[in-house]
Amino acid sequence: MTSPDAACHELLLRMAGRLPDELLWRMRDWLADGGRDALAATLPRELLRHRVGLTDHERDLLETAVVEWGAAHQLLDAVLPALDPDEVTVTFRADPGAADLDTAALSVLAVVRGHPGCVELRQGSRRSAGAPEQRVVLVLGAERPWALTGTLQRVLRAHGDRTPCVEVLPPHGEPPAYHRAAIIGSAPLWRSAAALAGA
């Protein structure tokens, strides 16, 4: 059975590209820091405010996460339904200088290498109309991925990124369309010895 924390982490992953970065990083930080009351009050309201619909699976994740934390049932019932959101409205590209890691990437790398369960670290830049390029960090595999997400977000904010985009994905399975595009448009920065041995 999926824990509320794991369900909330997966749902927030699926909100990448669908909710604003300013909101998403904050909710991920609350999850990492045990801010369940804040998430229960905020997440359903923000889905409504931004008119973000949920698939049946995403609705199950929402209910698994926030019902136990005291979310209002009438808010959950008002969240819009949606079909599979496969449209990606942004593009990703690997930084041509990815081999020359900046201090932010080196700091992220140090954390990821020491976190149990991590298989791979990737980095790319996201472009969207009318917005500056945004660094996107992708980690495949991790125990307690919501905790790692929070730690990496804080590392990136310490290096000047106001809205850090950190995506900690399971090592197996089909990622959402946003993350498939991000993986394709990113460069590998590190792979675990076990992953290299299995390659």
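General observations
- Excluding exposed DSSP-loop trypsin sites (Lys or Arg not before Pro) (at most 11 other C-beta within 10 Å), longest clean stretch of the chain: 52-161
- Net charge contributed by nearby residues that have their C-beta within less than 15 Å of P81 (K/R +1, D/E -1): -2
- Net lengthening on full extension, S128/Q74 (0.36 nm per residue, minus Cα-Cα): 16.0 nm
- Segment 4-78 shape via C-alpha gyration tensor axes, a/c threshold 1.5: rounded
- Amide H contacts under 5 Å for V168: V139, restricted to partners 5 or more places along the chain or on a different chain, H placed in the peptide plane at 1.01 Å from N.
- Rg/Rh, computed from the Cα trace of segment 37-123 with Rh as the Kirkwood radius, has the value 1.13.
- Translational diffusion of the chain, estimated by Stokes-Einstein from the Kirkwood radius over alpha carbon pairs at 10 °C in a medium of 1.306 mPa s, is 92 µm² per second.
- Amide H contacts of L54: L80, A82, each under 5 Å away and 5 or more positions distant or on a separate chain (H built 1.01 Å from N in the peptide plane; Pro and chain starts excluded).
- Summed residue charge, Cβ within 15 Å of P116's Cβ, Lys/Arg positive, Asp/Glu negative: 0
- Within segment 39-54: backbone nitrogen closer than 14 Å to the T89 label point (7 Å, Cα to C-beta): 50-53
- Most to least packed among 2-11, 64-73 [average Cβ atoms within 10 Å]: 2-11, 64-73
- Counted residue by residue at 0.36 nm each, then reduced by the alpha carbon distance between them, the extension gain from R51 to S3 reaches 14.7 nm.
Only the coordinates and a few stated rules stand behind these numbers; no lab work does. Here the structure is a predicted model, which is why all the values come from computation and not from measurement. Glycine gets a Cβ as well: all are built from the backbone with ideal geometry, and neighbour counts include every protein chain shown.
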